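Student: Below is one structure. I have some questions about it.
Bear in mind that the values in this text are calculations on the coordinates, not laboratory data. Because the structure is predicted, anything quoted here is derived from the model rather than measured. Cβ placement follows ideal geometry from the backbone for every residue including glycine, while neighbour counts extend to all protein chains displayed.
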Amino acid sequence: MEKKPCIDSLVVKNSHVLPTDTNNHGTLFGGQLMAYIDDVAAIAATRHARSPVVTASTDSVDFLYPVNAGDAICLEAFVTWTKNTSMEVFVKAIKEELLTGKRAICATSFITMVALDENNKPKTVPTVYPETEEESWLHEGAEKRAERRRERRGESKDFANRFGTEFPWRRK
């Protein structure tokens with residue numbers, strides 16, 4: 001399987017933030033930003049794998065700067081690391097005050113996507129390689145981030161097993 005550079009999966013999406021995209025404070029709904037992040041990550045992963053993908057995990061999304069109605073938001077995403085069937089995708093969200101040109105990074109996130117074959121089973125993906133200093137920095141830290149995700153997934157399974165599907169007051 002041919003190796004691919006990070007840049008081959010690059011996705012750039014721009015959107016105008018409209019009043020219907022905002023909360024009662026006039027800022028972009030966090031859930032809307034998270035949907036944008038998942039969308040561009042899926043496109044980047046699909047470009048890399050050239051197959052359907054599903055989201056396996058989302059690392060924390062920290063809202064660093066508010067995005068107001070009337071601003072533009074630009075999301076950039078690319079595959080930073082691969083392991084067997086999964087791909088780590090880095091997403092950076094930048095807000096721009098259109099009338100002043102002032103820009104700020106409003107969020108960053110890592111999304112793990114898994115490639116699927118024609119039977120919706122995990123499929124091996126090509127290895128990705130970095131070409132720039134920034135891509136190398138992200139690539140070098142990926143193994144550590146993947147380990148933290150595995151630990152967090154184990155904790156999530158523990159929570160699920162402990163609490164089950166019934167409301168606590170309904171348990172007998």
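Student: Out of the residues in region 31-76 that are within 16 Å of the chain's Cα centre (by Cα) and among the charged types (D, E, K, R), which is surrounded by the fewest Cβ atoms within 10 Å (Cβ to Cβ)?
Tutor: Out of the qualifying residues, it is Asp62.
Student: Let me ask something additional. Checking the condition under 19 Å from the mean Cα position of the chain (by Cα) and surrounded by fewer than 16 Cβ atoms within 10 Å (Cβ to Cβ), which residue from Glu88, Glu140, Glu135, Glu97 passes?
Tutor: Glu140
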